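Structure first, then comments.
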Amino acid sequence: MDALSCTAPSVQAPIAYARRDVDPRTMSATDTLSVDALEMHLTTIGDVRDAAPDLSLDEDGFILRQRPTTVDDYFNLDRVEQAYIPEVVDLVTELSGATGAVVLEHVIRGPLKLGQEHPEYGRHTLGWAFKAHLDADENTFRTWAANVAPPELADRCRSESFAVYNVWRPITPVEQKPLAFCHARTVRREDLIPAYFDGRYPGMNESEYYPSISYFHLAFDPGQRWYYFSDMQPYEVAVFKQHDTSHTRAHCVPHTAFEDPSSRPDAVRRQSIEVRVFALR
């Protein structure tokens, strides 16, 4: 980590963090409701593309891999589910040594018009996430996985050790709004500010409605270290941890999109696809 901090070229960009003086019970995971609970800090974000071969999921919490795919149309939902998602599961299993894997969901991010242009995608299209956050806590991940897992894995999801990985791929070259990662070893438990929202994760039925699904915003601390991979291409994937039940491995990687000050004004608007995978050990 220190070597990254010392050698990486960097940019400075504002990142939205949680305020520490806000009652967590009043916070929401959604931008529209939590905006008053956030504060902006100009943050140094190191470009670690050249250091990518030295990064480790269990030490740093995020990595970059070249991983070409057989899929060329991410808006063909059947093709994504039948071909792309199995490729992602194979990658996560290879990287983590998982003894079982459950896909929690996948989403495509880009301009809001994507959802209008592809209504068949429904909840699978989202805008860019401009706040430092984690998607869930341990209990929520367990419940989510158990509800979407095949029967032979459901009980294991509720009790065994696991890690949750995001596999993030650009659909077009990333010329603006890249993804930044907070180094796992610089995240303290007290920096994670819980938020709650009413809702239901995919796979939950009417009797399994959770009125307080947990989510985390990140509060600012000067000891945190942020990084990104510049100029990501569609044949590359960033893989990072959302949660790990192990206390000896990198535990979690808060993340956010950011406005890259070096982007051209006419840069192509970023589109990306991400898959969340619950990996049993």
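FYI, it's all coordinate maths here, none of it is from the lab. Bear in mind that the values here come from a model prediction, so they are computed numbers and not experimental data. Quick reminder, even Gly has a Cβ in these numbers, built from the backbone with ideal geometry, and neighbours come from all protein chains shown.
Annotations
- A crude spin-label estimate for the pair Leu42 and Arg189, with each label 7 Å from Cα along the Cβ direction, gives 3.5 nm.
- Calculated FRET efficiency, Arg19 to Glu138, Cβ-Cβ distance, R0 = 30 Å: about 0.80 to the nearest 0.05.
- Whichever lysines have a C-alpha closer than 26 Å to that of Lys241, once near sequence neighbours (fewer than 8 apart) are set aside: Lys131, Lys177
- If a spin label sat at a point 7 angstrom from the Cα of Thr245 along the line to its beta carbon, the backbone N atoms of the stretch 132-153 nearer than 18 Å would be those of 136-153.
- Residues whose amide H comes within less than 5 Å of that of Glu105, counting only those at least five positions distant or on another chain, are Arg276 (H built at 1.01 Å from N in the peptide plane).
- Sorting His124, His183, His247 by the number of Cβ atoms found within 10 Å of their own Cβ, with the fewest placed first, yields His247, His124, His183.
- Label positions at Gln116 and Ser10, each projected 7 Å from the Cα along the C-beta direction, are separated by 4.0 nm.
- The Ser230 and Thr99 beta-carbon pair, evaluated with R₀ = 35 Å, returns a calculated FRET efficiency of approximately 0.50.
- Helix-only CD estimate at 222 nm, as mean residue ellipticity for the chain, using -39500 (n - 2.57) per DSSP H run (n ≥ 4): -4500 deg cm²/dmol
- Look at the Cα gyration tensor of the chain: its axes a ≥ b ≥ c give a/c under 1.5, and that counts as rounded.
- Normalised by the number of residues in the chain, the mean separation of alpha-carbon contacts (under 8 Å, six or more apart) gives a relative contact order of 33 percent.
- Cys182, Cys157 arranged by Cβ crowding within 10 Å, fewest neighbours leading: Cys157, Cys182
- Think of the chain as having a plus end and a minus end, set by charges on the Cβ of Lys, Arg, Asp and Glu; of Pro234, Val174, Leu77, Val174 sits farthest toward the positive end of this dipole.
- Burial ordering of Trp168, Trp144, Trp128, fewest other beta-carbon atoms within 10 Å first: Trp128, Trp168, Trp144
- For the chain, modelled as a GNM whose springs connect Cα atoms under 10 angstrom apart, the maximal fluctuation among Glu138, Glu59, Glu94 occurs at Glu94.
- Each Lys and Arg Cβ is given +1 and each Asp and Glu Cβ -1; about its Cα centre, the stretch 137-179 then shows a dipole of about 140 debye.
- Which of Phe130, Val102, Leu64, positive extreme of dipole for the stretch 57-134 (C-beta unit charges): Phe130
- Förster-model FRET efficiency, 22 Å R0, Ala52 and Ser262, C-beta, rounded to 0.05: 0.70
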